[in-house]
Amino acid sequence: VTNTGTNMFYFQLVIMAGTVLLAYYFEYTDTFPVHVQGFFCFDKAYTKPYPGPEDNSKAPPILVYSLVTAIPTVTILIGEVTGFFVKSKGAQERTIVTADCCYFNPLLRRIVRFLGVYSFGLFTTTIFANAGQVVTGHQAPHFLTACKPNYTALGCQSPLQYITERGACTGNPYLVASARKSFPSKDAALSFYSAIYTVMYVTLMFRAKGTRLTKPTLCLVLLSLAVLVGVVRVTEYRNHWNDVLAGFVTGGAIAAFLVSCVINNFKPSQIAGPTPTLPQWPEATVGLPLPSLPHVESQLEKLQDYRILRSHDHQPILSPAPPDVFLHSRRCLTSAV
């Protein structure tokens, strides 16, 4: 392997580490403060009852994250191991060098490649979802219930009155900050990203006979689970329907981009090898006379001594070739004799 390949390998590790750190800062720190968006007095879109902590949900984060991690990992492991032992030896990839001292088995290399790209996309989806929540500060359906604004102190007399004061909320600051992170839905984005990535893997890699119903069934189950997570988020008043839809679009777009453009639809990578050299035919050296060989003129060559010309009225006529052509033909006949 060249130094360029080794440098790119380390560069990709740095990118992966930076993505993980950025996702950590978005998720578990206050490095990026949430945008404080105003609200209308008595707005019914934000007065839904507080659904309780996330752990009390029918689709708690620990369950969602476990399925998002386990389902694609198990599917890729089963698919790659099965494909490796089913393929003939001639169709298998050769062992290649990926670093100065590391030799990867083609099976291990493909598993690391597909799961590595999936992990990168998982953290990228988390970053996109958290960034959207921080920038927009869009309130959840239960925002006013968690905010507990003092309408009397704020002077709310009409539902059309817009409140922009930062200290308008008297509720738990942690619950208020969480209620401001609704757009897009992070759980919906991660669920749909995992489902699309796994569905594309199953569709493109499993091509065995007798899978006409197996593949569609598996794909529909995965997509249904992702949609079910979004439905639960809406019915429990944790997100609006447009928050869930935006999460689906975010996760699906990232998965489609990584599969299509980064790992090339799960196709084996092309290993650059030496370019085959074509046989070079000797060319005539300019300036040196070629030896004259015997030549017998055929009837077709005699017809080529006449050129087709066109008159002014576009009627084709035949005219004899110039004298130099006849001289050339005479020389050929003389040499042949």
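No value in this document is a laboratory result; all are computed from the given coordinates. Keep in mind that this is a model prediction, so the values were computed, not measured. Cβ: placed from backbone, ideal geometry, glycine included. Neighbour counts: every protein chain shown.
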Discussion item. Rounded, prolate or oblate, given the Cα gyration tensor of region 3-266, with a/c below 1.5 counting as rounded?
Written reply: prolate
Worksheet item: In the structure displayed, which of 44/148; 48/181; 186/267; 44/186 lie more than 21 Å apart, Cα to Cα?
Response: 186/267; 44/186
Discussion item. I'd like to know which of 35, 20, 245 lies farthest towards the positive end of the charge dipole of region 3-266, counting +1 on Cβ of Lys and Arg and -1 on Cβ of Asp and Glu.
Written reply: 245
Worksheet item: Relative contact order for region 3-266 using alpha-carbon pairs under 8 Å, separation at least 6, rounded to a whole percent?
Response: 27 percent
Worksheet item: Which ³J(HN,Hα) values in Hz, rounded to whole numbers, follow from the phi angles of region 162-172 under the Karplus curve 6.51 cos²θ - 1.76 cosθ + 1.60, where θ = phi - 60° and Gly and Pro get x?
Response: 9, 9, 10, 5, 5, x, 6, 8, 10, x, 4
